[in-house]
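Reviewing the structure listed below.
Taken together, the values in this text are just the output of simple stated rules run on the coordinates, not laboratory data. Fair warning: this is a prediction, and the values are worked out from it, not measured in the lab. Neighbour counts are summed over all protein chains in view; Cβ atoms, including those assigned to glycine, are modelled from backbone coordinates with ideal geometry.
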Amino acid sequence: MSHELFIEIRQQPISTSTFADLLDTYGVGEVLCRNIVSRNTQRHYFIGHAYTVEWERVRKTGDITRAQPSTWEQVKDFLVPDLSSARDLVYVAGAGALTTDAALAGGLSCTYFAKLGFEGIVLGGSVRDAAEVRALTTPVLASNFTPVDTQGAYRVRSTGESCMIEGSRVTSGDVVVSDDNGTVVFPAPLLGELYEKALEIERIEGEILATLRNGHDHRSLASLVEERNRI
């Protein structure tokens, strides 16, 4: 069911602003940190189910003389080896606070994620390899570019479960919608109901906008809002 709805929404994109308004009325969902924006596209829109990668800081063990796993062993699962196709999925990685000084992905990994078919890539922190990232058409959302990677400082704690980005928890399977306004996340069972209501809201707001653009109609925005109960 989600696949068909995703196709419909991609063909007639529903603004994240509309989804955010609806999520407020339901008291659910998250709006991700405003510092996470597309680093490689002028305009973007994507929707899909979250597939999460949870990162955490590397800490010393109780036995400081015992060797720890290699840095590669600590991070390699961020390449989602359990997936062979990422149709209708959005790659979402986070470590709690934004990791602005250590990239959660780079040019090679983002190129691979695009090849797997991820609809978009959402990083709760930085990305590196600007030239390679900017060559991609798959949107890569991040807080900033940095030349430093995570190896030795962070490790993958889990994949396909959940992750935190600032104060927002994203659980694998959640619906992620992103456009130039920002990125919203909400439970997948609400998708059909939200979509139907979103279509009605966008129809009403489209009519209001057409009226405002009509030079022969002199009604005020306030009167239109009160008439339609939308803004």
query: What are the ³J(HN,Hα) values, in whole Hz, obtained from phi via the Karplus relation 6.51 cos²θ - 1.76 cosθ + 1.60 with θ = phi - 60°, for each residue of segment 58-67 in sequence order, with x given for Gly and Pro?
result: 7, 10, 5, 8, x, 10, 6, 8, 7, 5
- prompt: Can you work out ³J(HN,Hα) from phi for every residue in segment 79-96, in order, using Karplus 6.51 cos²θ - 1.76 cosθ + 1.60 and θ = phi - 60°, giving whole Hz and x for Gly and Pro?
  reply: 8, 6, x, 7, 9, 10, 9, 10, 4, 6, 10, 10, 6, 10, 10, x, 10, x
task: Search the structure for amide H atoms under 5 Å from the amide H of Arg157, placed 1.01 Å from N in the peptide plane, and list their residues when 5 or more places away or on another chain.
output: Glu54, Trp55, Glu56
Packing-based order for 199-211, 42-54, 13-25, using average beta carbon neighbours within 10 Å, highest first: 42-54, 13-25, 199-211
field: Residue-by-residue Karplus 3J(HN,Hα) for segment 180-188, coefficients 6.51, -1.76, 1.60, Hz, glycine and proline x
entry: 5, 6, x, 10, 10, 9, 8, x, 4
statement: Amide H contacts under 5 Å for Thr146, restricted to residues at least 5 apart in sequence or on another chain and with H modeled in the peptide plane, are Val127, Arg128, Asp129
Charge context of Val140, other residues only, Cβ under 9 angstrom, K/R +1, D/E -1: +2
task: Mind checking which lysines have their Cα closer than 27 Å to the Cα of Lys60? Skip sequence neighbours fewer than 8 apart in that chain.
output: Lys76
message: Among DSSP bridges having both ends in the chain, what percentage is antiparallel? Round to the nearest 5.
response: 55 percent
- prompt: Sequence-distant or interchain residues sharing an amide H contact under 5 Å with Val122, placed H: which?
  reply: Tyr91, Val92, Ala93, Leu141
